[in-house]
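The values are calculated or read from the model by the stated rules, or taken from the named source; none is laboratory data. Since this is a predicted model, take the numbers as computed values, not measurements. In this analysis, Cβ positions are derived from the backbone assuming ideal geometry, glycine residues included, and neighbour counts consider all displayed protein chains. All accessible areas refer to the heavy atoms of the entire protein, side chains included, with ligands and DNA or RNA removed. Shrake-Rupley method; radii C 1.70, N 1.55, O 1.52, S 1.80 Å.
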Amino acid sequence: MKRDANYRCHYCGEPSQVLQKEHRIPLSRGGLNSIVNIVPSCALCNYRKGRLSDVEYFAQLKREAEREARLATHPHAERLS
């Protein structure tokens, strides 16, 4: 699975030789412990995702990226950091 993913995290896309099994739908929310529900994840994404489904976590990542982009183009961005 890691090789098929080019040793990149399913969520952030960062390369890593140390990837963890992450359930797309957590077991605690009814997800299955089957290959179709498991993706390689870096430790940070695994931790941050927590009990979110992969759809919810991707939405969170998108919101964070949009916020960062807004801050980067804000006229007073230097003072906000």
Exercise for review: Quote to one decimal, in nm, the extra length available between Leu71 and Arg8 on full extension: 0.36 nm per residue of separation minus the C-alpha distance between them.
Suggested key: 19.9 nm
Exercise for review: Return the sequence-ordered ³J(HN,Hα) values of the stretch 59-66 in whole Hz as given by the Karplus equation 6.51 cos²θ - 1.76 cosθ + 1.60 applied to θ = phi - 60°, using x for Gly and Pro.
Suggested key: 5, 5, 4, 5, 4, 5, 5, 5
Check your understanding: For the chain, with only Lys/Arg (+1) and Asp/Glu (-1) charged at the beta-carbon, what is the dipole magnitude about the Cα centre, in debye rounded to 20?
Key -> 180
Point to revise | Amide hydrogen neighbours beyond the local backbone of Arg24, cut-off 5 Å, H modeled | key: Ile38, Val39
Check your understanding: Using helices alone, what [θ] at 222 nm do you get for the chain, with -39,500 (n - 2.57) per DSSP H run of 4 or more residues, divided over all residues and rounded to the nearest 500?
Key -> -11500 deg cm²/dmol
Review point. So how do Lys21, Lys2 rank on accessible area, 1.4 Å probe, biggest first, that is with the largest at the start?
Key: Lys21, Lys2
